[in-house]
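So the structure is just underneath, and the comments pick up after that.
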Amino acid sequence: MLDACLKRRGIRAEVSVQDRLPACRTRYLPKGEAPMVSLIIPTRDCVDVLRVCVDSILAKTTYPNYEIIVLDNDSCREETLRYFEEIRAKGCRVERFPGKFNYSAINNFGVGKARGAIIGLLNSDLEVIEGDWLTEMVSQAQRPEIGAVGARLLYPDDRLQHAGVIVGVGHVAAHAWRLCADEPDVSRMRAHVIQNYSAVTAACLVVRKEIFEQVGGFNAVDLAITYNDVDICIRICEEGYRNLYTPFARLYHHESASRGPEDTPEKRERYEREVNYMRKKWSAWLKDDPAYHPLLTRFREDFALTNAEEQEIQRRGVPLF
C-alpha cells in the first residue's frame, strides 16, 4: 500500500518492514548524481576527539561526494597543527576563524566557505558508527518539503543521547529519549522510526545550503553557544519546511568533550541570557510544541504521560528543571 502511494506521487523510494518493530522504513532514492555535501567541523586544540571524528568519517563514510572543512578557532598545540597538515594531505580543508569562540558565528563562517549544495554541521566529538549515515541524511534533506535533518546520537555506553529535540521540556528544549537504552522495543519505538520534530540538534545536522541562507543562518548575537540549533530549526519551520529525525544515521557523541560544561560564572551568566532570549522570542513554541502532545510530560524526555501535579506547575510558569 505504501509502495503504491509513493509510485502514484512520483516519488522514487523503497519500503521495507523494520526488524523487531511494527513499522516500515522508507528509503528515498537519489534522482541523479549525488550532490556535494560540505561537512563543517569547528575545533580548538582537542585533537584527540577531532582525530576520532575525522578519521571515522574518512574510513567509514560511503557517500561518494563530500568535502570536510575543519574550522580552526585558534588552535596552538603542536600535535593539533601536525594533524591539520595530515588531514590537508588527505583532501580536507582547514580554515582559520580566530577570536573568542562563538558557535553560531564560526558555523556561519563555515557555511560561507562551503562548496556543497548541502551542509552537514558536525561537532568535533562525533564518531561515525555506520558508513551509510550521510547517504541516509542527504536522501531526507533532498526532499523538497524537508528542512533540517537530525541523526540518532549515542553516548559511548550505547545509551541514547539524541533522538530529536522536544521544545518546551527543560529550560528551553531537551533531547528526546536522552539516557534511555537504545533498544528497538515498542515502548521506545519513536526513537527508531523516521519522524518530524520541531527541532534537531546541530551536533549532527544536515540541511540544504539554500535553506540555511534563506533563514539567515545562526543567530550569532543572541545565541553564541546554546539553543542556536533550536532557534534556527523553529525559523525553518516558520518558512514552511518540516524538520526530520532519522534513526538510520547513527553516530557516537562524546558530548561536550570539546566545549566543556557550563561551570564558570561567566558561562552560567551567558547561558541564562540565552535561555531568557529563547523564552521571550519563542514563548508560543515553548508552551506548545506542535510535534509533542500536550498530555505528555514536560519534566522528562521519555514521552511519559503528564499528571495533575505537573500540569499545575506548568500553569504557574515554574521552570521545569
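Throughout, read-outs are computed from the coordinates displayed, never taken from laboratory work. As the structure is a computational prediction, the values presented were derived from the model and not from experiment. All Cβ positions, even for glycine, are placed from backbone atoms using ideal geometry, and neighbour counts span all protein chains on display.
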Alpha carbon centroid spacing (whole Å) that separates region 113-155 from region 76-108: 20
All-pairs alpha carbon distance profile, region 13-82, 10 Å steps from 0, percent: 16, 31, 25, 19, 9, 0
Solvent-free Debye scattering, log10 I(q)/I(0), computed from the Cα coordinates of region 14-296 at q = 0.08, 0.12, 0.13, 0.15 Å⁻¹: -0.31, -0.73, -0.87, -1.19
Helix-only [θ]222 nm of the chain, DSSP H runs n ≥ 4, -39500 (n - 2.57) each, per residue, nearest 500: -9000 deg cm²/dmol
Region 112-206: chymotrypsin sites (Phe, Trp or Tyr not before Pro) in DSSP coil with no more than 12 other Cβ atoms inside 10 Å: none
Residues listed by number, region 12-42, amide nitrogen under 16 Å from Ala4 label point at 7 Å toward C-beta: 15
Cβ-Cβ FRET estimate between Glu210 and Lys90, R0 fixed at 22 Å, reported to 0.05: 0.15
Electrostatic dipole magnitude of the chain [Cβ: Lys, Arg +1; Asp, Glu -1; Cα centre; debye, to 20]: 940
Extension gain (nm, one decimal) between Asp185 and Glu78, 0.36 nm per residue minus Cα-Cα: 33.8 nm
Summed residue charge, Cβ within 14 Å of Gly217's Cβ, Lys/Arg positive, Asp/Glu negative: -2
Förster-model FRET efficiency, 22 Å R0, Arg159 and Thr26, C-beta, rounded to 0.05: 0.25
